[in-house]
Structures are given as structure tokens and as C-alpha cells.
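The values are calculated or read from the model by the stated rules, or taken from the named source; none is laboratory data. For clarity, every value in this text was computed on a predicted model and none was experimentally measured. Neighbour counts run over all protein chains shown; Cβ positions are idealised from the backbone, glycine included. Only protein heavy atoms, including side chains, enter the accessible area calculation; ligands, DNA and RNA are left aside. Shrake-Rupley method; radii C 1.70, N 1.55, O 1.52, S 1.80 Å.
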Amino acid sequence: MLDANERAKLREFTQQKKGRREALRAAALLMIDEGYDDKTVAIRLGVSQVSITKWKEKWKSERLGLLKDKKRPGRPPRFSDKDMGKIAALFHEHDHDLVKVQFYFEANHGKKISLTTLRRFQKADKLSPYL
């Protein structure tokens with residue numbers, strides 16, 4: 001099912017920090033290539049067996065293109081990765097003082113950010129990949 005180059009690419013995808021869905025699809029395809037049946041793969045990865053079947057079918061036509069997430073509906077993120085990196089640095093620099101982080105971010109970057117949003121980032125641990 002997989003050639004050596006595809007297997008190497010899939011292993012790279014399973015090791016990435018971002019893109020959990022992409023990593024799951026890559027892990028599933030590697031497990032299927034190793035001879036595991038759909039049900040076992042689904043149980044081990046915590047996804048439905050229907051998803052595994054769909055991924056296998058899409059693999060036949062899209063190959064490595066299957067791994068990339070398609071555009072999802074909804075409002076685009078307000079803060080870019082660059083903004084999140086700056087927010088994370090301010091959190092670290094000001095010992096998680098939300099008011100200071102808000103003040104310095106707004107003053108230096110010209111974008112408004114609420115304390116509620118900063119609390120949500122902190123609580124959801126969204127800043128750790130940027131530290």
C-alpha cells in the first residue's frame with residue numbers, strides 16, 4: 001500500500017506538534033500498512049471505524065494530500081501565530097499578570113485583546129507551543 005517515501009512522510013506527520021487530525025490520519029495509514037484491521041486501528045486511535053474506512057478510500061485518490069486539513073467554515077482566527085508568540089512572551093515576561101500582558105500587547109501591537117480572551121488562552125494552555 002505504501003512505498004518507502006510515503007512511509008517516511010507519514011512518520012514525520014505523526015511526530016509533529018501541531019495538526020492532531022493530520023497526525024491521527026498518518027498514524028492510521030501506517031497501522032493499516034502494518035497489517036492492522038480497521039476496527040483495531042479505530043480502537044487504538046480513539047476514532048470511529050467509519051473514519052478509518054473514509055481515510056483509506058481517500059488515500060487511494062489523494063495520497064499525501066489527504067493529510068492536510070481542508071478549510072473549515074467559521075470566522076478566521078483573530079490572532080496569528082506571530083501574535084500568539086508575542087502574547088506568550090508577554091505572559092512569560094510579566095509572570096502571567098493579565099492586565100500587564102493586555103496593556104503591553106495593545107500598546108505595542110495595535111490590536112485589542114480582552115482579559116477574558118487572555119484568561120481563555122491561559123486556561124486552555126494555548127500559549128505553551130509558543131514558549
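Per the listing PHE105, PHE79, PHE121, the residue uniquely touching a helix residue (DSSP H, G or I) at 6+ places or on another chain (Cβ under 8 Å), among the aromatic types (Phe, Trp, Tyr), closer than 22 Å to GLU22 by Cβ and open to solvent by less than 90 Å² (accessible area, probe 1.4 Å) is PHE79. Within the span defined as the stretch 58-67, one or more residues are in contact with a Leu (Cβ under 7 Å, 6 or more places away or on another chain) and open to solvent by 40 Å² or more (accessible area, probe 1.4 Å).
The rows are residues; the columns are (1) over 16 Å from TRP59 (Cα atoms); (2) touching a His at 6+ places or on another chain (Cβ under 7 Å); (3) among the polar types (S, T, N, Q).
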{"site": "ARG11", "(1), (2), (3)": "no, no, no"}
{"site": "GLN16", "(1), (2), (3)": "yes, no, yes"}
{"site": "ARG21", "(1), (2), (3)": "no, no, no"}
{"site": "LEU24", "(1), (2), (3)": "no, no, no"}
{"site": "ALA28", "(1), (2), (3)": "no, no, no"}
{"site": "ILE32", "(1), (2), (3)": "no, no, no"}
{"site": "ASP38", "(1), (2), (3)": "no, no, no"}
{"site": "VAL41", "(1), (2), (3)": "no, no, no"}
{"site": "ARG44", "(1), (2), (3)": "yes, no, no"}
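Among the residues of the stretch 91-102, the one identified as open to solvent by less than 30 Å² (accessible area, probe 1.4 Å) and under 23 Å from the mean Cα position of the chain (by Cα) is PHE91. Selection over the stretch 44-53 of residues that are more than 20 Å from GLU12 (Cβ to Cβ), surrounded by 13 or more Cβ atoms within 10 Å (Cβ to Cβ) and not polar (S, T, N, Q) gives a count of 2. Filtered by the rule that a residue be polar (S, T, N, Q) and open to solvent by less than 70 Å² (accessible area, probe 1.4 Å), the stretch 13-33 gives THR14, GLN16. For the structure I just gave you, tell me whether TYR36 is within 17 Å of LEU127 (Cβ to Cβ), out of contact with any Gly (no Cβ under 7 Å at 6 or more places or on another chain), open to solvent by 80 Å² or more (accessible area, probe 1.4 Å) and not acidic (Asp, Glu). No; evaluated as a whole, the condition is false for this residue.
Exactly one of (1) at pLDDT 90 or above; (2) touching an Asp or Glu at 6+ places or on another chain (Cβ under 8 Å); (3) outside any loop (DSSP other than H, G, I, E, B) is unmet by LYS112. Its number? Evaluating LYS112 over (1) at pLDDT 90 or above; (2) touching an Asp or Glu at 6+ places or on another chain (Cβ under 8 Å); (3) outside any loop (DSSP other than H, G, I, E, B) leaves (3) as the failure.
Restricting attention to the stretch 39-86, the residues being closer than 26 Å to ALA124 by Cα and of a type outside the set (D, E, K, R) number 13.
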